[in-house]
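> Let me begin by handing over the structure; questions about it come next.
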Amino acid sequence: MPRTTRYAAADLGATSGRVIVGRVGPHDLGLTESHRFPNTPVRLPTGLHWDLPALFQGVLDGLREAGRGGEIASVGVDTWAVDYGLLDRDGALLGTPHHYRDSRTDGAPERVWEKVSPQDLYRTTGLQHLPFNTVYQLEAARDSAQLAAAESLLLVPDLLTYWLTGAIGAEETNASTTGLLDARTGTWSKELTDRLGLPARLLPTLRSPGTPAGTLLPHVASYTGLRERTPVVTAASHDTASAVVAVPATEPGFAYISCGTWSLAGLELDAPVLTEASRAANFTNERGIDGTTRYLRNIMGMWLVEECRRAWERAGLPSRLPTLLAQAAEAPAFVSLVDPDAPEFMAPGDMPARIDAFCERTGQRRPAGQGAMVRCILESLALAHRRTLHTAARLADRDIPRVHMVGGGSRNELLCQLTADATGLTVVAGPAEATALGNVLVQARADGQIGDLPSMRRLIADTQNLRHYAPRGTTAAWESAAARLPFEHFEHFEHFEQ
């Protein structure tokens with residue numbers, strides 16, 4: 001009789017973490033959340049940091065809960081990208097890892113470009129310029145005592161995996177976000193580390209998704225109650241890479257939007273696009289499963305709405321998302337629009353005031369009320385999705401048949417419909433838990449439970465609840481809105497938008 005097997009996915013996002021148990025069989029794929037815990041950054045005298053020990057404790061507690069429901073075949077970890085911890089020669093963590101939204105990288109990109117031009121960086125790494133990329137964080141830490149004492153650099157999912165297993169390695173989908181990996185060869189670029197004067201010894205051996213990372217350490221197995229030597233499998237540890245694994249596409253050429261705190265919008269390609277036009281449009285080439293390239297652009301997604309909600313909650317105003325979305329659906333269209341990637345929206349703070357200031361600076365009316373502000377954000381995101389996907393298709397010389405929206409944002413019916421309207425393409429929404437599903441399916445394939453990537457996606461399409469949003473009306477209103485939207489930070493985008 002075909003077996004159904006249980007796998008544990010430790011899936012950590014920018015605001016919370018959870019451990020989810022995936023149940024996988026020949027015609028069965030389901031998830032159960034075992035434990036959820038907050039991810040609350042802490043501001044110390046040295047800046048904004050992640051509380052990694054607390055997050056690791058959350059993972060341990062989640063694995064203990066997961067094991068109470070039956071045997072766990074293996075464990076996999078995925079998290080956000082770019083941030084890292086440093087280990088000394090004894091394997092001890094040096095300090096508390098910085099948060100990518102910390103201001104310590106101010107001025108660091110310019111110092112890196114004095115050694116290696118943006119054009120040379122892109123030709124090697126294919127990486128979108130973001131001021132918090134790992135290479136810029138390392139430049140910011142160049143003279144620190146911690147970097148001088150370090151023997152290994154582990155990105156966050158690799159650090160959690162190390163604490164589970166005692167084994168050091170660097171998973172390649174996340175390594176590709178550092179700005180130190182060669183996009184063509186998939187190996188660390190010694191030329192870059194030499195030119196930048198960074199210690200290459202810090203960069204661990206690379207691991208591919210689906211390969212063994214190790215087994216649970218005895219004290220971890222004892223605490224969690226999982227069997228001794230439970231395998232820890234290398235997941236596609238960049239959460240977006242796991243989410244793209246779980247895109248339920250049954251035809252080639254699809255576009256995807258992994259929508260949560262960030263919107264990651266793009267295409268899955270067989271090879272990177274390293275042209276000057278691609279660099280100027282600020283597209284990234286990150287590695288995906290099975291040697292694929294995630295050709296995409298980061299857009300500052302639902303972060304804007306969540307920060308507004310936090311500000312309204314502090315002010316004693318209504319902040320429930322369903323209520324705000326209902327108000328947004330009734331608000332007038334295209335009254336005001338913002339560039340989601342404007343630098344003033346990056347840090348935590350009073351987002352409604354910042355949006356008001358942006359509208360005033362660009363000669364627009366301020367949103368009149370909470371519903372109008374949420375409408376402003378969602379229309380702006382839909383237009384950012386439109387521009388990003390249309391440009392990706394042009395730069396990669398691809399036609400897009402449809403858009404798959406996965407992640408928490410796929411539950412947002414208004415955003416899904418606005419994205420369909422803006423792009424003129426059908427949007428297939430779901431699964432919302434794409435990251436955990438991708439993590440689990442990579443483990444299941446390593447266990448021999450499922451075959452190739454198309455088989456994984458077919459199982460998701462057959463078992464998950466998906467919703468379809470067809471474009472409504474004409475495109476004239478969206479074209480007019482796109483023409484006036486102040487995309488100040490899409491690099492030289494207007495040169496390529498026709």
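> Which of the residues that make up the stretch 89-104 are touching a helix residue (DSSP H, G or I) at 6+ places or on another chain (Cβ under 8 Å), surrounded by fewer than 22 Cβ atoms within 10 Å (Cβ to Cβ) and not in a loop (DSSP other than H, G, I, E, B)?
Leu93, Arg104
> Show me the helices (runs of 4 or more DSSP H) entirely contained within the stretch 232-346 in which 1 or more residues are touching a Pro at 6+ places or on another chain (Cβ under 9 Å) and free of Cβ contacts under 8 Å to residues at least 60 places away in the same chain.
Helices (runs of 4 or more DSSP H) meeting the threshold: 303-314, 321-330.
> What's the number of the only condition in (1) in contact with a strand residue (DSSP E or B) (Cβ under 7 Å, 6 or more places away or on another chain); (2) crowded, with 17+ Cβ neighbours inside 10 Å that Arg387 fails to meet?
(1)
> Let me ask another. Name the residue, out of Ala315, Ala249, that is out of contact with any Asp or Glu (no Cβ under 7 Å at 6 or more places or on another chain) and within 23 Å of Leu381 (Cβ to Cβ).
Answer to the check: Ala249.
> Now a separate question. Taking the residues in the stretch 184-203 that are in a helix (DSSP H, G or I), touching a residue at least 40 places away in the same chain (Cβ under 8 Å) and of a type in the set (Lys, Arg) as candidates, determine which candidate is nearest to Thr275 (Cα to Cα).
Arg195
> So, one more: Collect the residues in the stretch 428-458 that are surrounded by 20 or more Cβ atoms within 10 Å (Cβ to Cβ), of a type in the set (Gly, Ala, Ser) and more than 15 Å from Gly30 (Cα to Cα), keeping them in residue-number order.
Ala429, Ala446
> If you take the residues in the stretch 1-26 that are of a type in the set (A, V, I, L, M) and outside any strand (DSSP E or B), which one is farthest from the chain's Cα centre (by Cα)?
Met1
> Looking at the stretch 181-199, which of the residues that are more than 22 Å from the chain's Cα centre (by Cα) and surrounded by 15 or more Cβ atoms within 10 Å (Cβ to Cβ) is modelled with the lowest pLDDT?
Looking at the filtered set, the residue picked out is Leu198.
> Against the definition (at positive phi and within 24 Å of the chain's Cα centre (by Cα)), how does Gly126 come out, yes or no?
When the stated conditions are applied, Gly126 passes them.
Conditions (1) outside any loop (DSSP other than H, G, I, E, B); (2) of a type in the set (D, E, K, R), marked per residue:
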residue: Arg111; (1), (2): yes, yes
residue: Glu114; (1), (2): yes, yes
residue: Asp120; (1), (2): yes, yes
residue: Arg123; (1), (2): yes, yes
residue: His129; (1), (2): no, no
residue: Phe132; (1), (2): no, no
residue: Gln137; (1), (2): yes, no
residue: Arg142; (1), (2): no, yes
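> Considering only residues that are of a type in the set (A, V, I, L, M) and touching a Leu at 6+ places or on another chain (Cβ under 7 Å), look in the stretch 11-20 and name the one that is surrounded by the fewest Cβ atoms within 10 Å (Cβ to Cβ).
Result: Ile20.
> Mind checking which residues of the stretch 425-465 are within 24 Å of Gln327 (Cα to Cα) and among the small types (Gly, Ala, Ser)?
Ala429, Gly430, Ala432
> For the stretch 178-221, which residues satisfy the criterion of being of a type in the set (Gly, Ala, Ser) and over 25 Å from Gln128 (Cα atoms)?
Of everything in the stretch 178-221, those that are of a type in the set (Gly, Ala, Ser) and over 25 Å from Gln128 (Cα atoms) turn out to be Gly210, Ala213, Gly214, Ala221.
> Among the strands (runs of 3 or more DSSP E) contained in the stretch 27-88, which hold 1 or more residues that are polar (S, T, N, Q) and exposed (fewer than 15 other Cβ atoms within 10 Å of the Cβ)?
28-38
> Just name the residue that is surrounded by the fewest Cβ atoms within 10 Å (Cβ to Cβ) out of those in the stretch 391-427 that are touching a residue at least 60 places away in the same chain (Cβ under 8 Å) and farther than 25 Å from Ala461 by Cα.
Arg394
> Only one of Arg310, Arg297 is farther than 21 Å from Ala482 by Cβ and either in contact with a Leu (Cβ under 7 Å, 6 or more places away or on another chain) or not β-branched (Val, Ile, Thr) (or both). Can you tell me which?
Within the list Arg310, Arg297, the selection yields Arg310.
> Separate question: Picking from Leu226, Leu164, which residue would you name as being in a helix (DSSP H, G or I) and either polar (S, T, N, Q) or on the phi < 0 side of the Ramachandran plot (or both)?
Leu164
> Residues being in contact (Cβ under 8 Å) with a residue 40 or more places away in the chain and either closer than 19 Å to Pro401 by Cα or hydrophobic (A, V, I, L, M, F, W, C) (or both): count how many of those fall in the stretch 455-487.
Here the count works out to 21.
> Right, another one. Looking only at the stretch 105-115, count every residue that is of a type in the set (A, V, I, L, M, F, W, C) and buried (at least 18 other Cβ atoms within 10 Å of the Cβ) and tell me the total.
Residues in the stretch 105-115 being of a type in the set (A, V, I, L, M, F, W, C) and buried (at least 18 other Cβ atoms within 10 Å of the Cβ): 2 in total.
> With the condition kept exactly as written, say whether any residue in the stretch 209-229 is crowded, with 17+ Cβ neighbours inside 10 Å, under 30 Å from Arg398 (Cα atoms) and within 22 Å of the chain's Cα centre (by Cα).
Within the stretch 209-229, one or more residues are crowded, with 17+ Cβ neighbours inside 10 Å, under 30 Å from Arg398 (Cα atoms) and within 22 Å of the chain's Cα centre (by Cα).
The values are calculated or read from the model by the stated rules, or taken from the named source; none is laboratory data. Quick caveat, the model's predicted, so the values are computed rather than measured. In this analysis, Cβ positions are derived from the backbone assuming ideal geometry, glycine residues included, and neighbour counts consider all displayed protein chains.
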